[in-house]
Every structure is written in C-alpha cells, then in structure tokens.
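What follows is a single structure, written as structure tokens, with notes after it.
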Number of protein chains: 2
Amino acid sequence: MRYAHHPATEDLSLPEVMAALSDPLRIGLVRVLADGAERGWGELRAPVAKSTLSHHLRVLRDAGVTRTRQEGTRCFVTLRRRDLDERFPGLVGALLGAAEAEDVGGVHLASDPGAARR
Amino acid sequence: MRYAHHPATEDLSLPEVMAALSDPLRIGLVRVLADGAERGWGELRAPVAKSTLSHHLRVLRDAGVTRTRQEGTRCFVTLRRRDLDERFPGLVGALLGAAEAEDVGGVHLASDPGAARR
DNA sequence: TACCTTGTTCGATATTCGACGAACAACGAA
DNA sequence: TTCGTTGTTCGTCGAATATCGAACAAGGTA
C-alpha cells in the first residue's frame with residue numbers, strides 16, 4: 001500500500017485501460033467517481049469481499065484510471081479524468097454515458113443507501 | 001461456422017464490448033475495418049496463426065462488434081458501427097481516435113504490404 | 001501498551017484467455 | 001471424384017483473472 005504505483009499520463013496504455021474498464025464492478029466504481037469528487041474507500045459499497053474490492057481498485061489504479069491518496073490508515077480515490085481525456089479524448093465520457101444508460105455496476109455510496117434497490 | 005451468432009443491437013453488453021476491444025490485435029482489426037468497407041478474411045494480415053485469428057474474429061463477432069457474412073467458402077467481415085454508435089454513442093469513435101494515435105494493432109491489409117514496416 | 005480500524009497481501013481455487021498445431025468440414029475447381 | 005482453399009473446432013498449454021477468507025501491517029485510540 002505504501003508506494004502505490006501510478007503510471008504517468010504518457011504511459012497510459014489503451015488496451016490496458018480498456019481491459020480495466022471491461023469489468024462491470026470496475027465500471028460501477030468509475031461511475032461513482034464520475035462526478036470528480038474524491039471518495040473514501042469506506043464510502044464505496046460493492047457486493048464483494050473487501051479483498052476483492054481492494055483488487056479491483058488496484059487494477060484501476062495500475063491502469064491509470066484512478067489515483068489513490070493515502071491519509072493515515074485510510075485511502076481516498078479519484079478518477080483521473082483529465083489525464084484520460086488528454087490521452088484518449090472522449091473515451092471516458094462515452095463509457096460513462098453508456099454505463100448510465102445500462103446501469104452497469106452494482107456499486108453505490110454509503111451516503112445513498114437507496115441506490116442498492118435501484 | 002454455419003450459424004454465426006450475432007447479438008441483436010439491443011442485446012449488446014457494454015462490459016462484453018469493452019472486453020472485446022481490450023486486446024491489441026482486436027483493436028487492430030477494428031482499425032482496419034474502421035473505414036466501413038467489408039473485408040475478406042484473406043485480406044487480413046496479422047502476426048498470429050489462422051486459428052488464433054479465427055478466435056479473435058469470433059470474440060468480436062460474439063460481442064457484436066463485427067458482422068460476418070459467408071459466401072461460399074469464404075467470409076467477409078464488417079464493423080457494426082451503426083449499431084455500436086446507437087447503443088454506445090461515441091465509444092467506437094473515441095477508441096479509434098486513441099488507437100490511431102497509439103498505433104495499436106499490428107494488423108494490416110494484404111493490399112498494403114508496406115504497412116507491415118510502419 | 002493494548003486494542004481497533006483500514007486496507008494490503010497471501011494462499012487457494014475455479015475460471016477464462018491467448019496461443020498453437022492438428023484435424024475437420026464445406027465448397028469450388030480440376 | 002479428387003484436390004486445394006478456407007475457415008472452424010478441438011485439445012492442450014501456460015498465463016492471467018476473479019473470488020474468498022485468513023493473516024498481516026500501519027496508524028489511531030483508549
């Protein structure tokens with residue numbers, strides 16, 4: 001956890017980013033982060049074990065989709081929207097648009113418990 | 001080969017399409033088909049065994065990215081650009097734009113042998 | 001110091017994927 | 001009918017992926 005690896009913007013790989021965004025749960029995580037706000041991991045509610053969630057967040061981070069910041073024992077995550085748009089213009093927007101229409105994900109925020117039933 | 005399965009436009013799955021488009025070779029195939037023209041499989045030059053190429057073309061077809069038409073013993077493939085744009089507006093365009101910039105693929109046409117060296 | 005919370009890492013397992021060669025099936029041509 | 005071409009399918013391999021629970025490490029808190 002200490003030295004979380006974040007690829008530089010110029011090192012983002014299109015196939016790797018596409019692969020990271022091909023899992024429903026990870027698409028759901030990106031949707032939750034789409035408003036640009038930084039979220040604490042504790043806010044994220046996903047129907048998987050915490051080790052599995054940790055794994056998916058790592059995949060997103062390693063691909064350069066998200067950025068993780070550590071503060072004490074807890075972590076905060078943001079979407080690297082600016083970097084992604086710079087390298088792959090329109091890709092994230094198109095994905096988010098499609099994901100909203102499809103309601104892909106199963107991830108929601110702790111502050112919005114009703115989302116679990118939608 | 002006989003009954004190639006093509007999902008209906010409304011059955012396209014975003015994660016499945018993203019997964020299909022997360023392999024460099026398959027991105028290369030989509031690039032070659034990006035001009036909308038129908039291509040015979042014999043035109044496609046990719047650095048893999050024919051069974052592997054067949055596999056990738058099947059993944060694209062099953063995900064609904066391409067459409068295969070059979071004529072005698074040979075097959076022709078097209079990009080389902082209209083269907084994809086209808087369900088996932090902007091996604092294919094963004095992918096192709098990024099793929100061009102990155103030169104992802106390693107696939108070219110038999111009619112353009114110079115492409116192998118570019 | 002002794003907990004508690006938080007997130008990572010470690011096995012273990014099951015599944016999927018990408019790749020290949022070989023065998024096969026379908027069709028057209030000789 | 002006998003080939004030759006074309007593309008699919010099969011069997012196999014190693015590598016990667018998704019998932020879980022358990023163990024662990026780091027940092028606050030009592």
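Rounded to the nearest 0.05, the FRET efficiency derived from the C-beta distance between A:Glu43 and B:Glu100 at R0 = 35 Å is 0.40.
How well do other chains shield peptide B:95-107, expressed as the mean number of their Cβ atoms within 10 Å of each residue Cβ? Intermediate results must be reported in sequence, preceding the final value.
Numbers: counts 7, 0, 4, 10, 4, 0, 4, 6, 0, 4, 1, 0, 0.
Going residue by residue through B:95-107 and averaging, the value is 3.
Counting, for every residue in A:8-16, the Cβ atoms of other protein chains within 10 Å of its Cβ and taking the mean gives 3. Our note on the geometry: Cα centres of segment A:62-83 and segment B:57-79, 40 Å apart.
Accessible surface computed residue by residue for chain A, with neighbouring protein chains in place and a 1.4 Å probe, gives 52 Å² per residue.
What the phi angles of segment B:38-44 give under the Karplus curve with 6.51, -1.76 and 1.60, with θ = phi - 60°, is a coupling list of 7, 10, x, 4, x, 6, 7 Hz, glycine and proline written as x. Taking a virtual spin label 7 Å from the Cα of A:His55 along the C-beta vector, which residues in segment B:1-40 bring their backbone nitrogen under 20 Å of it? Under 20 Å, as judged by backbone N against the label point of A:His55, lie B:15-16, B:19-20 of segment B:1-40.
On average over all directions, what projected area in square nanometres does the protein assembly as shown have, based on the convex hull of its Cα atoms?
Details: hull surface 57.8 nm².
One quarter of the hull surface, i.e. the mean projection, equals 14.4 nm².
Sorted from shortest to longest, the distances between the A:Leu109 label points of this copy and the other copies are 4.9 nm, with each point 7 Å from Cα along the line through the beta carbon. Inter-chain Cβ neighbour count for A:41-52, averaged per residue, equals 0 (cutoff 10 Å, partner chain atoms only).
Just check chain A against the gyration tensor rule for me: Cα atoms, a ≥ b ≥ c as the square roots of the eigenvalues, rounded for a/c under 1.5, and otherwise prolate or oblate depending on whether a/b exceeds b/c.
Oblate, because a/c is 1.5 or more while a/b does not exceed b/c.
Close amide-amide hydrogen proximity is noted between B:Thr66 and B:Arg61, B:Arg80, each under 5 Å apart and 5 or more residues distant or on a separate chain (H modeled in the peptide plane; Pro and chain starts excluded).
The values are calculated or read from the model by the stated rules, or taken from the named source; none is laboratory data. None of these values were measured; they are calculated from a predicted model. Note that we place each Cβ from the backbone using ideal geometry, even for glycine, and neighbour counts take in every protein chain shown. Each accessible area value is taken on the protein alone, full model and side chains, heavy atoms only, with ligands, DNA and RNA left out. Shrake-Rupley method; radii C 1.70, N 1.55, O 1.52, S 1.80 Å.
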